[in-house]
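Every read-out reported here was derived from the displayed coordinates using simple, explicitly stated rules and does not represent laboratory data. Not measured: the values here are computed from a predicted model. In this analysis, Cβ positions are derived from the backbone assuming ideal geometry, glycine residues included, and neighbour counts consider all displayed protein chains.
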Amino acid sequence: QVQLVESGGGLVQTGGSLRLSCASSGIMFSINNIHWYRQAPGKQRELVAAITSGGITNYADSVKGRFIISRENAKNTVYLQMNSMKPEDTAVYYCNVDIGSRSYWGQGTQVTVSS
């Protein structure tokens, strides 16, 4: 059974930093591309960052230069380091992996940036 568990969310001031973690089980973690999404109240879920099995990364324009996605295959974990945070980064952040035709999601972790 595939499980994704996010952690590390919380309240931070503008300009601050947080590091999110996504721990996975039930998948061959090292061969899968992993994504971080976020959803703010009243908005659609959006892709924030992605990392391929080979470590190639991609970012939304809104977070480029501020967020860093990384993976630690030995721990089946993906991280999202968030720096220089802004109030518009406030959202629930989700970890995602697509395997075949199925899409798996974690329960999400709340991130709130105060102005």
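With 0.36 nm allotted per residue and the present C-alpha distance subtracted, the S103-I56 stretch has 14.9 nm of extension available.
For segment 78-83, backbone phi angles converted through the Karplus equation (6.51, -1.76, 1.60; θ = phi - 60°) give residue-by-residue couplings of 10, 10, 10, 8, 10, 10 Hz, Gly and Pro being listed as x.
Computed on the Cα trace of the chain, the radius of gyration divided by the Kirkwood hydrodynamic radius gives Rg/Rh = 0.95. Assuming R0 = 22 Å, can you tell me the calculated FRET efficiency for the pair K64 and Q1, based on Cβ-Cβ distance, to the nearest 0.05? So the FRET efficiency works out to roughly 0.05. Our coupling estimate for segment 69-74, obtained by passing each phi through the Karplus curve with A = 6.51, B = -1.76, C = 1.60 and θ = phi - 60°, is 9, 8, 9, 10, 4, 4 Hz, Gly and Pro reported as x.
Note on the chain: GNM, Cα springs under 10 Å; of A23, A40, A74, the largest mean-square fluctuation is that of A74. Extending 7 Å from Cα along the Cβ direction at E46 and again at R19 yields two label points whose distance is 2.6 nm. Annotation note: trypsin sites (Lys or Arg not before Pro) in segment 52-115 located in DSSP loop regions with a Cβ neighbour count of at most 11 within 10 Å are K64.
Modelled spin labels at L11 and N73, positioned 7 Å past Cα toward Cβ, are 4.1 nm from each other. Across G15, G42, G26, mean-square fluctuation computed from a Gaussian network of the chain (C-alpha pairs under 10 Å connected) peaks at G42.
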